Amino acid sequence: MFTRRFGGLPHGRGRARVRADRHEMSSGTFLTIARGGGGPSAVRRLLAGQHSRNLLALREVVELTEDLRHPHAGLVRRAWRDLGELRRSAPQPARQVLTYPAVSAWVAQTLAALRAGDRPTAQPAMLGPVAAAAALRAGLPLRVAFPTGPSGAAFALPTLGLVRTPAPPDGTRTGTGSRVVELVVGGADGTVALDGVTIVPAAHRAGRAAGAGAEPDEPVWFRTPVLRAGGRAGLRLRLDDLGSVARPAAAVPVGPADAGAWRARLAPAWRLLATRHRRYADELAAAVSMLMPLAGDGTGPPALASGGRDGTPRERGAELVSGTFPAGVGCIAIAGHGDPQTLAATLVHELAHNKLAALDDLFALVEAADGVRLSVPWRAGLRPLPALVQGLYAHVRVADFWRRQRHVETEPGPLLRAQVEFERVRRACQDVAGQLQAGDGLTRYGRLLVAQLDDVLAGWRRETVPRRAAALAGRTTE
């Protein structure tokens, strides 16, 4: 039995109390996840760890704002108290908001800034809108106060949308250049008011709605579009920006036309997964709650267009640019176009990254001080050890997708492609697994995970592909 208890944070002196959850995982469950499986139940166990991590990080945020005499410490303390009440009276809505990827990313960014003593960068008082979103989802009344930007600004209601506000009147700004506003959630009627003015969803405004870059003359609520597929137990993704809580002014709401385009794009890929790769479809529906459109197709933030520094990889030969973020488990970022098979394989790839990021939070896979950098077949340049482990885990799942897809395709062209991709990715994974097992830097959990992946690959060595597919696979890996 593996055990992980979240707690003992450096600044946790008990002023902002929260129970530290104990997370236990049987060795059998760990090994199943290590091999790429586990199903929805294992995914829920991993997401429970994310919930505990965020709660403990928020506790430290509250305490650091007091220790650093942050100007918004009082607002943060009141929002934390409100959130505690919501967690007791409406645990499921509160949990849904607290594990939302944009909230996780904001918590991580805020805690890092406060630990570094960077008060201007930190936005701890955004805990107010986080609590408001939980109250709104629960149908409970709440009144919160928090600062907005010095001019026509925005704030997120995580899982629900983005609110753009008009420029503030003179005399309402704080010493930090922002102004404090009051947000009132009505409760069962679902109304929201900002400084006494009811916020109207953009689609319900009379006349011309304010666009994403326009400065509204009253608060406007851009609801987060939701993509659904496969019924109640199927896929449910919110089209949102991972930075919507931390950087709401830079977030670009996804409009109805773009949401429709994404629905049409994802539908055939989801049908393929749901009918031919059901295990992956079930895990995807349980693990991923947000799709972040990236620049390149007109629906994403331009800061993420180039890849690299933002953590979104450009795989060799990929038709799509996709990525995940360790601080935002549950989010997949995508730009570009591809056929249903390519998009389905990409979703499987990013699902694996999300699962391993959550597992690594519970049981560290790489020694913290390790500085090893090695080459990999699927990326140019040398990669750090954590990236190798992540890449191996995700690519073994991609190889499995194409391995299964060989038995689905009936047309010669798609069949050959599935055979080539299976062989190409399988060879690449064998190479990386060998490097990892021959080197140092992995924890005991990391060594166990890589050993399981190597065992999966060993089981596939008896599976052959036609000579032509093998030859083509060899050329693409040179």
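Pull up the stretch 377-395, narrow it to residues that are of a type in the set (A, V, I, L, M, F, W, C), in contact (Cβ under 8 Å) with a residue 24 or more places away in the chain and in contact with a strand residue (DSSP E or B) (Cβ under 9 Å, 6 or more places away or on another chain), then point me to the one that is nearest to VAL465 (Cα to Cα).
Filtering first and then ranking leaves LEU392.
Only one of GLY171, GLY196 is over 30 Å from the mean Cα position of the chain (by Cα) and at pLDDT below 90. Can you tell me which?
GLY171
Confirm whether ARG69 is open to solvent by 30 Å² or more (accessible area, probe 1.4 Å) and in a helix (DSSP H, G or I).
Spelling it out, it is not the case that ARG69 is open to solvent by 30 Å² or more (accessible area, probe 1.4 Å) and in a helix (DSSP H, G or I).
Which residues, counting only those in the stretch 19-39, are crowded, with 16+ Cβ neighbours inside 10 Å and touching a residue at least 60 places away in the same chain (Cβ under 8 Å)?
Once the filter is applied, which keeps residues that are crowded, with 16+ Cβ neighbours inside 10 Å and touching a residue at least 60 places away in the same chain (Cβ under 8 Å), the stretch 19-39 yields HIS23, MET25, PHE30, LEU31, ILE33, ALA34, ARG35, GLY36, GLY37, GLY38.
Report, ordered by the first and then the second residue, all pairs with beta carbons closer than 6 Å, sequence separation of six or more or different chains, a first member in the stretch 396-415 that is farther than 16 Å from GLY459 by Cβ and without any contact (Cβ under 8 Å) to a residue 12 or more places away in the chain, and a second member that is of a type in the set (A, V, I, L, M, F, W, C) and part of a helix (DSSP H, G or I).
Partner pairs satisfying both residue conditions: GLU409/LEU415; GLU409/ALA418.
Give the residue, chosen from ALA250, ALA257, ALA287, ALA318, that is modelled with pLDDT of 90 or more, hydrophobic (A, V, I, L, M, F, W, C) and out of contact with any Leu (no Cβ under 8 Å at 6 or more places or on another chain).
Result of the check over ALA250, ALA257, ALA287, ALA318: ALA257.
Scanning the stretch 318-373 for residues that are out of contact with any helix residue (DSSP H, G or I) (no Cβ under 6 Å at 6 or more places or on another chain), aliphatic (A, V, I, L, M) and in a strand (DSSP E or B), which turns out surrounded by the fewest Cβ atoms within 10 Å (Cβ to Cβ)?
My answer is ALA335.
Can we say LEU83 is at pLDDT 95 or above and out of contact with any strand residue (DSSP E or B) (no Cβ under 9 Å at 6 or more places or on another chain)?
The answer is yes for LEU83.
Quick one: count up the residues across the stretch 228-241 that are within 13 Å of the chain's Cα centre (by Cα) and open to solvent by less than 20 Å² (accessible area, probe 1.4 Å). Working first, answer last.
Initially, the stretch 228-241 is screened for residues within 13 Å of the chain's Cα centre (by Cα), giving 237-241.
Among the residues that remain, those that are also open to solvent by less than 20 Å² (accessible area, probe 1.4 Å) are: 237-239, 241.
Result for the stretch 228-241: 4.
Counting only residues that are crowded, with 23+ Cβ neighbours inside 10 Å and either of a type in the set (D, E, K, R) or more than 19 Å from ARG427 (Cβ to Cβ) (or both), how many does the stretch 382-403 have?
The total comes to 2.
Would you mind telling me which numbered condition in (1) of a type outside the set (Gly, Ala, Ser); (2) touching a Ser or Thr at 6+ places or on another chain (Cβ under 9 Å); (3) closer than 17 Å to LEU294 by Cα; (4) surrounded by fewer than 23 Cβ atoms within 10 Å (Cβ to Cβ) PRO225 fails?
The single condition PRO225 does not satisfy is (2).
Only one of (1) over 21 Å from LEU436 (Cα atoms); (2) modelled with pLDDT of 95 or more is not met by LEU356, so which one is it?
(1)
Name the residues in the stretch 87-110 that are surrounded by fewer than 22 Cβ atoms within 10 Å (Cβ to Cβ) and out of contact with any Leu (no Cβ under 7 Å at 6 or more places or on another chain), would you?
Scanning the stretch 87-110 gives ARG87, ARG88, PRO91, GLN92, PRO93, ARG95, GLN96, ALA108, GLN109.
Yes or no, residue by residue, for (1) open to solvent by less than 10 Å² (accessible area, probe 1.4 Å); (2) within 30 Å of ALA358 (Cα to Cα):
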residue	(1), (2)
GLN405	yes, yes
ARG424	no, yes
GLY439	no, yes
LEU453	yes, yes
ARG467	no, no
ALA470	no, no
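Condition first: more than 27 Å from the chain's Cα centre (by Cα) and over 14 Å from LEU385 (Cα atoms). Now tell me which residues in the stretch 427-450 satisfy that.
Hits for the stretch 427-450 are ARG427, GLN430, ASP431.
Starting from the stretch 133-147, keep only residues that are farther than 8 Å from VAL185 by Cβ and open to solvent by 30 Å² or more (accessible area, probe 1.4 Å), then list their pairs with residues that are of a type outside the set (S, T, N, Q) and assigned to a loop (DSSP other than H, G, I, E, B) whose Cβ atoms are within a distance under 8 Å, requiring at least 6 positions of separation or different chains.
Partner pairs satisfying both residue conditions: ARG137/ALA90; ARG137/LEU160; ALA138/ALA90.
The values are calculated or read from the model by the stated rules, or taken from the named source; none is laboratory data. The shown structure was predicted, so the numbers you read here are calculated from the model rather than taken from an experiment. So basically every Cβ, Gly included, is an ideal-geometry build from the backbone, and we count neighbours across all protein chains shown. The protein model used for the area step is the full one, side chains on, heavy atoms only, and it has no ligands, DNA or RNA in it. Shrake-Rupley method; radii C 1.70, N 1.55, O 1.52, S 1.80 Å.
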